[in-house]
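The block underneath contains the structure these notes are about, expressed in structure tokens.
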């Protein structure tokens, strides 16, 4: 998989976090795509086959510009790829926070383009 997020004839470059112990499993997955959800401070898309176990790297507080692999605590078959562009509703006003723990798998710099993604747009990592 390349280090690009594609949507609506646009793209955002991603720098993979090669120090993450799970990044190779993400990169070796078939091309990942899903419907965008923009919830203010975070754009994400769900995955239902990307079942990668946590390994101690997980946390809930991230930095603006982080790309995160997320696992639901309430639905064991729901996973997601999150793009943090600002403080989230789960945050305390200082840093983005996820609703369930996640692992940082990369970073991106184009906050303006990412924050403008509308819910329902198809996102594709490839």
**Study point:** Subset of the stretch 28-45 (residues that are buried (at least 16 other Cβ atoms within 10 Å of the Cβ) and without any contact (Cβ under 8 Å) to a residue 40 or more places away in the chain)
**Key:** 44
Point to revise | Hits in the stretch 56-68 (condition: within 24 Å of residue 122 (Cα to Cα) and assigned to a strand (DSSP E or B)) | key: 66, 67, 68
**Study point:** In the stretch 1-43, residue modelled with the highest pLDDT [restricted to those that are more than 14 Å from residue 107 (Cα to Cα) and in contact with a helix residue (DSSP H, G or I) (Cβ under 7 Å, 6 or more places away or on another chain)]
**Key:** 10
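Yes/no per residue for (1) in a loop (DSSP other than H, G, I, E, B); (2) more than 11 Å from the chain's Cα centre (by Cα); (3) more than 19 Å from residue 3 (Cα to Cα); (4) modelled with pLDDT of 95 or more:
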position	(1), (2), (3), (4)
45	no, no, no, yes
54	yes, yes, yes, no
70	no, no, no, yes
73	yes, yes, yes, no
77	yes, yes, yes, no
82	no, no, no, yes
98	no, no, yes, no
Review point. Mind checking which residues of the stretch 62-100 are loosely packed, with under 15 Cβ neighbours inside 10 Å and more than 19 Å from residue 114 (Cβ to Cβ)?
Key: 72, 73, 74, 75, 76, 77, 92, 93, 94
Point to revise | the stretch 5-26: number of residues that are surrounded by fewer than 17 Cβ atoms within 10 Å (Cβ to Cβ) and closer than 18 Å to residue 118 by Cα | key: 5
Point to revise | Complete set of residues in the stretch 101-120 that are surrounded by 15 or more Cβ atoms within 10 Å (Cβ to Cβ) and not in a strand (DSSP E or B) | key: 108, 110, 111, 113, 114, 115, 117
Review point. Looking at (1) part of a strand (DSSP E or B); (2) in contact with a strand residue (DSSP E or B) (Cβ under 6 Å, 6 or more places away or on another chain), can you tell me which one residue 88 breaks?
Key: (1)
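The values are calculated or read from the model by the stated rules, or taken from the named source; none is laboratory data. Only a predicted model underlies this, so the values are computations on that prediction, with no experimental measurement involved. Cβ: placed from backbone, ideal geometry, glycine included. Neighbour counts: every protein chain shown.
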